[in-house]
Amino acid sequence: MKKLKKNYLCLKFLLINLLLVLFFIKPLYSEELDFEIKGNNFTDADVILSLLQNIPDQFDDEYSNEIIKTLNKSNLFSDVKVSIVDNKYIIEVKEFPNINKIYFRGNERIKDEELNILASNVGLNNFNLNSINIFIREVTSLYESYGFNNIEINFVEDLDEDLNTGNIYFNFEEGEITKINKIIINGNQNISSSEIKQIINSKTKTIRNIFANNNFKTSLVERDKYIISRYYKNNGFIDIEVTTRIEYLNTNKVNIYFDIKEGSLYLFDKVNISDQKNLLNTNIVNQINIELSKISENDIVFSLEEISNIRENISTTIIDYGIEFFEINTLDDINNNKIDILFEILPIEPTYTNQINIVGNYRTADYVIRRELEIIEGDAFYQNQLNSIRDKLNSLNLFETVNIIEEKIDNDKVNLIIEVEEKQTGSFNAGVSVGTLDGFSVVTGLRERNFYGTGRSLEVLLNTSQDRNEFKLITTDRLSYSNDANISYKLKYKQQDFSKVSSYKLDTFTSGIGISYQINKNFYHNIDIEYLLKNYEITNSSTASSSILDSSGENMSYLLKNNLRYSSINPGFVSKKGNYVNFNNTIETPTGSNNGYIRNIVTLKKYNNYGKNIFSIQTKLGNIFSLNNNDILTDDKFALGGKWLRGFDNYGAGPRNSRTSYVGGNNIAVTKLDYSYSLSRESDFPIYLNIFNDYGIIWENKTKPTNSDNSLRASVGFGIKYYSPIGPMSFTWGFPLIDKDYDIKRMFLFSIGNID
């Protein structure tokens, strides 16, 4: 026991001595680091120390240089010195003079408030030349986005050297807005210049489009290059090359040249999927292959947009089967102008959205953008979602560009940065239409697509002509519970003079609400509920039809409208290719003297072009029937003639009691066959020779009029369509082949502004 106690005392003695030794020898191997900051009047010492990184365990001369580099990068100091004295890093800084106030002079286009926000964003709070130059570059870029390409900005300092503070004055010479004089497109053989000019954002001002925004913006031209290239690639020309040239006529006027090398046309060949990791079951694979075979079997023109649609459809199918974490890689193989596409399905590790940050939306509220997103913070993140998000934001027509940046946080988290560049959303439009059918009419309108940054559109339209005056006020917004559907509120007032054709005048007041949404790329659907108040004024009781006489005065009703539309017609002034189908159903409730009705109209259009040759067929089928089995008001029935049966006047063909008492019909069938040939070489203002053959029939009335033959009408004719600088013009000569003595013919038609 004594021996054990003795050993314990020895061990204790040794440990105490060891601790004493370590305490006294520590300074030989380690130094206590300390910092002293000098010269900082505006910047807190803790802020300076927080900038320092990778601090060593002991004093190091090389680290002194690291301190200097780090603090110089902060843009807070004009000079930094570091020394080691008495076991301290002595950091001596000389601060840039602090800016008390920023003054702007000569800026008319951009207000002081917006410039101050920009100065804050770039960190302009001292007289650091680098920060000042960054601010000037940002302001210059902002001015250029409005078309001011000759902006000059200089600055003057007003310093108090004793206090090391002062004011800075920025002087602006804005110059004039640079305008686009002409847009010239060279090298395009398969897509017309007019079609290209329709899709790009850069515009020229013409008599036809006198209120077009023709401000020259370099960023817009770069965007247009991408738009043209994308459009060609969506039409099979994957080798497309687009270059631009800017010709300065003077400091304020430019010509823009788009030089195009189209390359060859490519078609889809085989389209398949690959599932080497066996992620999908047989049902999924079979379902996808059925859809893909439709493309492989029909020699469809290659399209990047089609590939994107296929990817989205594949992704939707897979997700519907409960598989969430996967990616789709697209592989292609080109052989003799045919392209094989392989969609490779691969599993991925789960990734979740950490933060979604939106930048660049100075006018547009955040929620307008966020409601279009398919994900929120914390949701699973799929790479496939990015294209869909980008397409949705572009479809708002509020932004010049949309860019989505992925910022990886760790293996399972990602931040999304959505960068947008806003476009001008307000416009004023005016147009003139002149014709032998409708006389002279003027259309003016104001539209704002982003009212007070809410994404809500507001449209005011006034249309006045010899026989019609119309006013519309429409506001449209997203449904609160949907990012795909819009809701519209409408107020309309219309005056129509039917004295020449049916012996009455009609005033109509309409208020309504409607919901519209896009089903896919080409399909649209909208539903409207309207309150309708009509006032009939008889102008000649001796010639007016019995149904008009019975409805004299005010008539009130409610309408339910259902419209489904499909369109793949090419953009541009001239319809050359594509299909159009429109189904319209209207139900009017019986109220008062109104008997109520159900009306259905189907409109079909098909265009094909072969070089300079364009073939088209247009058909309209319609019927209307009373809910109370009574006669239907004349203005609700169908009329035949004019542009839907050339060679006959408006309301010229079909049943009537007299020349001024057209009664219309409950059923209509019309077909228009057209052949057009381009008489001009590729031009901004093309000329087409048109040959046509029209057929139409209108039939069935509750009360038989005096002249009520239900036989077919037909006509042939020719014309010239000229898409002139003052608007599209048409000259048409029509010759009835099948007609009745009481029909009113009009062999010559002339129109400016509305020729379809």
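A compact table of results
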read-out: Where labels lie 7 Å past Cα in the beta-carbon direction, separation of Ser219 and Asn584 in nm; value: 4.1
read-out: Alpha-carbon spread of segment 339-390, three principal axes, descending order, Å; value: 44, 29, 15
read-out: Positive-end residue of Pro590, Ser145, Ile697, charge dipole of the chain with Cβ unit charges; value: Ile697
read-out: Kirkwood Rh and Cα Rg combined as Rg/Rh, segment 426-752; value: 0.96
read-out: Length released on extending from Glu161 to Thr603, taking residue separation times 0.36 nm less the Cα-Cα span; value: 151.2 nm
read-out: Point-to-point label distance, Val442-Glu297, nm (Cα→Cβ direction, 7 Å offset); value: 5.9
read-out: With Cα atoms, 0 to 90° folded angle of helix 304-320 axis to the chain main axis; value: 80
read-out: Extension gain (nm, one decimal) between Ser511 and Leu386, 0.36 nm per residue minus Cα-Cα; value: 41.1 nm
read-out: Helix axis angle, 2-29 relative to the chain longest principal axis, alpha carbon, degrees; value: 70
read-out: Cα Rg, Dmax, segment 352-422, angstrom units; value: 11.7, 35
read-out: Bins of 10 Å from zero: percent of alpha-carbon pairs in segment 288-413; value: 10, 36, 31, 19, 4
read-out: Computed E for Lys704/Asp112 - FRET, C-beta separation, R0 51 angstrom, nearest 0.05; value: 0.10
read-out: Tyr493 paired with Asp340, simple spin-label distance in nm, labels 7 Å along Cα-to-beta-carbon; value: 6.8
read-out: Added length on full extension, which subtracts the Cα-Cα distance from 0.36 nm per residue, Asn357 to Glu537; value: 58.8 nm
read-out: Residue order, fewest to most beta carbons within 10 Å, for Leu331, Leu416; value: Leu331, Leu416
read-out: For segment 145-265: Kirkwood Rh in Å [reciprocal of mean 1/r, alpha carbons]; value: 16.8
read-out: FRET E, pair Ile376, Thr475, Förster distance 25 Å, beta-carbon r, rounded to 0.05; value: 0.35
read-out: Relative contact order for the chain, counting Cα pairs under 8 Å that sit 6 or more residues apart, in percent; value: 6
read-out: Coarse-grained scattering of segment 267-347 at q = 0.20 Å⁻¹, given as base-10 log I(q)/I(0) from a Debye sum over alpha-carbon atoms; value: -0.87
read-out: Helix-derived mean residue ellipticity, 222 nm - over the chain, DSSP H n ≥ 4, -39500 (n - 2.57), to 500; value: -6500 deg cm²/dmol
read-out: Cβ-Cβ FRET estimate between Glu421 and Glu247, R0 fixed at 35 Å, reported to 0.05; value: 0.85
read-out: Principal-axis tilt of helix 385-395 within the chain, Cα atoms, nearest 10 degrees; value: 50
read-out: Cross-link reach list, aspartates and glutamates versus Lys704, counting only Cα pairs under 14 Å and skipping chain neighbours closer than eight places; value: Asp631
read-out: Relative contact order computed over segment 426-752 (Cα-Cα under 8 Å; 6+ residues apart), in percent; value: 11
read-out: Cα centroid separation - segment 96-112 against segment 75-91, whole Å; value: 33
read-out: Charge-dipole axis of segment 267-347 as Lys and Arg at +1 and Asp and Glu at -1 on Cβ define it, positive-most pick from Asn281, Ile318, Asn336; value: Asn281
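Values quoted throughout were computed directly from the atomic coordinates according to the rules given, and no laboratory measurement underlies them. Keep in mind that this is a model prediction, so the values were computed, not measured. Quick reminder, even Gly has a Cβ in these numbers, built from the backbone with ideal geometry, and neighbours come from all protein chains shown.
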